[in-house]
Each structure stands twice: as structure tokens, then as C-alpha cells.
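Taking it in order: structure first as C-alpha cells, then the write-up.
The values are calculated or read from the model by the stated rules, or taken from the named source; none is laboratory data. Just so it is clear, the model here is predicted, and its values are computed rather than measured. Counting neighbours? That spans all protein chains shown, and the Cβs are built from the backbone with ideal geometry, glycine included. Quick note on the areas: whole protein, heavy atoms, side chains included, nothing else; ligands and nucleic acids left out. Shrake-Rupley method; radii C 1.70, N 1.55, O 1.52, S 1.80 Å.
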Amino acid sequence: MYVLALVTQKGGSGKSTLAAGLAVAAMAHGERVALVEADAQGTISKWKERRENPYPRVECIDDPAEIESMISRLRAEGIWLTIIDTAATTNNLAMNAIGRADLCLIPARPSPADIEAAIPTLIAIRRLNRRFAFILNQTPTRGGRLSEAATSLNSLGVLALPFVGQRNDHQDALGAGLGVTEFSPQGKASEEMVALWGWISEHLLADSRDYGQAALKTAS
Ligand SMILES: Nc1ncnc2c1ncn2[C@@H]1O[C@H](COP(=O)(O)OP(=O)(O)O)[C@@H](O)[C@H]1O
Ligand SMILES: [Mg+2]
């Protein structure tokens, strides 16, 4: 089982929107996906209440000590991907989610404030020696000062592709209890989410191949 954690102490950067969008995109080929809500704000559980499809399953957690047992349980139940949506803080729950993630995803809007606010999260991720990628979210769909933000993030670490544009479909999908790929399958927002999931899954698989090689080298 792979574990993704959406993390950054900046509120409104798109953690919950991307967690739901990616979970649904990842289910497209019948994969078993779980969404873990580690945020008292409840964006994911409210989304789930509006949702008719019973999948992905949603689990809520508020005790940092329970992350480990929840992950073990999901793995034992045959879940292939767990996506943890965290709160806009560097609290213990978010730290434990980072500590258990195969890949931490740090969404940031293309503004200096969002990028600066990601730094404490980045420091925590580095301290815990986890892999991570930034996601540039809510980018202007026309013109804009993207290259500056992309350059800043690239200088701090890996930047996932593509950028996720500012599009109403994301807000409407969240409101309808849908993933953006379900809400408007032919739309640009859906296209970007599918491509983003493709980028993330390739990195998860490549990383596990790297781990495999490392294990072989250690064993030989
Ligand atoms: N790419 C996007 N395009 C349009 N609206 C977005 C996008 N990403 C997030 N939003 C909206 O921005 C707001 C904050 O996003 P949210 O996912 O709740 O952030 P966080 O979980 O990091 O606090 C929500 O209203 C959400 O629908
Ligand atoms: Mg949220």
C-alpha cells in the first residue's frame, strides 16, 4: 500500500480539494483507495456526506497515536492507496502523517505568502527524511506570473506536473460530493487531475523500484 499525505500549514492552498480529486482519479482503474481525514475542519467528511458512491472509503482520525494502527488496518484490508488530508498546522497529527507517507504533497498557490508558508512543513519533511513534491495549485488560467512561483518551488524541491489551474469545476465538484474527474470528465480541470495523478503514481512506483534496488544492494 502506498501512502500520500497532503500537507502544508497554509490554509486554503488546496489540500482537501486535491486529496478528494486525486482519490477519485486514482480509483479510475478499480484501485482500492482510502481517504483519511486528519483535519477537524471536516472538509472531506462533509464531502463524503454529499457523495452517493460509497467509494473511496473515508476514515476520520484525531489522535496522532492512531495513525500507525489505521494504516496497518487499511493495508490488511487490501487498500492499495491511502491519501491523508491534514490540517493547516504542523501539529502532531500532521507530523505523524508525514512520518508515514511514501510521498508528501505540498500544494501552494503561486504567491510568495503560500510559498513562504510551506517552509516549516518542508523543514519537518526533511527532518523526517520523507520524499515530497510541491503542487502549484490555483494557477491563473491565462497569463499570470507563473514562472516566478515555479522557479521558487523548483529551487526548494521537486515540482509535480502539471500545474493545477484555478477552475470552478474544483469548487463545484467538492460541493457535489464528486471528484473533479467525475464532475466534468471532459473538462480541463479533469484533464489536469488525471495527468497529476499520472505524475504522482509514476513517482510512487519509481520510488518503490528504487527502494527495491536499495534492498537488493543491501542484501548482496
Ligand atoms: N484549483 C482550484 N481551482 C479553484 N478552486 C480551488 C482550487 N483548489 C482549491 N480550490 C478552492 O479553494 C478553497 C480552499 O481549498 P481547500 O482544498 O479547502 O484548501 P485547504 O484544504 O488547503 O485548506 C476551496 O473553496 C476550494 O474549493
Ligand atoms: Mg482542508
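Structure notes:
- Exactly one residue out of Asn92, Asn53 is in contact with a helix residue (DSSP H, G or I) (Cβ under 9 Å, 6 or more places away or on another chain), modelled with pLDDT under 95 and more than 16 Å from ligand 2 (Cβ to nearest atom): that is Asn92.
- Number of the condition not met by Thr151 [criteria: (1) away from ligand 1 (no atom under 13 Å from the Cβ); (2) of a type outside the set (D, E, K, R); (3) open to solvent by 50 Å² or more (accessible area, probe 1.4 Å); (4) not in a helix (DSSP H, G or I)]: (4)
- Residue within the range 2-18 that is away from ligand 1 (no atom under 12 Å from the Cβ) and closer than 20 Å to Val164 by Cα present: yes
- When His170 is tested against (1) open to solvent by 70 Å² or more (accessible area, probe 1.4 Å); (2) out of contact with any strand residue (DSSP E or B) (no Cβ under 7 Å at 6 or more places or on another chain); (3) modelled with pLDDT of 95 or more, just one condition goes unmet, and that condition is (1).
- Residue tally, condition out of contact with any Ser or Thr (no Cβ under 7 Å at 6 or more places or on another chain) and either of a type in the set (D, E, K, R) or closer than 17 Å to Thr151 by Cβ (or both), over the range 92-134: 14
- Considering the range 27-99, the qualifying strands (runs of 3 or more DSSP E), each wholly inside and each with 3 or more residues that are within 15 Å of ligand 1 (Cβ to nearest atom) and either over 17 Å from Ile200 (Cβ atoms) or open to solvent by less than 10 Å² (accessible area, probe 1.4 Å) (or both), run over 33-38, 81-86.
- Look at the range 62-75: where a residue is on the phi < 0 side of the Ramachandran plot and a partner is open to solvent by 90 Å² or more (accessible area, probe 1.4 Å) and part of a helix (DSSP H, G or I), sitting 6+ places away or on another chain with Cβ atoms under 6 Å, you get Pro64/Asn92.
- Residue match in the range 22-31 (condition: touching a residue at least 12 places away in the same chain (Cβ under 8 Å) and touching a Lys or Arg at 6+ places or on another chain (Cβ under 9 Å)): no
- Tallying residues that are surrounded by fewer than 19 Cβ atoms within 10 Å (Cβ to Cβ) and either assigned to a helix (DSSP H, G or I) or β-branched (Val, Ile, Thr) (or both) within the range 101-115 yields 2.
- Some residue of the range 56-75 being under 14 Å from the mean Cα position of the chain (by Cα) and more than 27 Å from Ala28 (Cα to Cα): no
- Just one of (1) within 16 Å of ligand 1 (Cβ to nearest atom); (2) open to solvent by less than 60 Å² (accessible area, probe 1.4 Å) fails for Arg142. It is (2).
- Val3 passes every criterion in (1) within 20 Å of Phe183 (Cβ to Cβ); (2) assigned to a strand (DSSP E or B) apart from (1).
- So Ala133, is it within 29 Å of Pro56 (Cα to Cα) and within 16 Å of ligand 2 (Cβ to nearest atom): no
- All conditions in (1) within 16 Å of ligand 2 (Cβ to nearest atom); (2) among the β-branched types (Val, Ile, Thr); (3) surrounded by fewer than 17 Cβ atoms within 10 Å (Cβ to Cβ) hold for Ile123, with the sole exception of (1).
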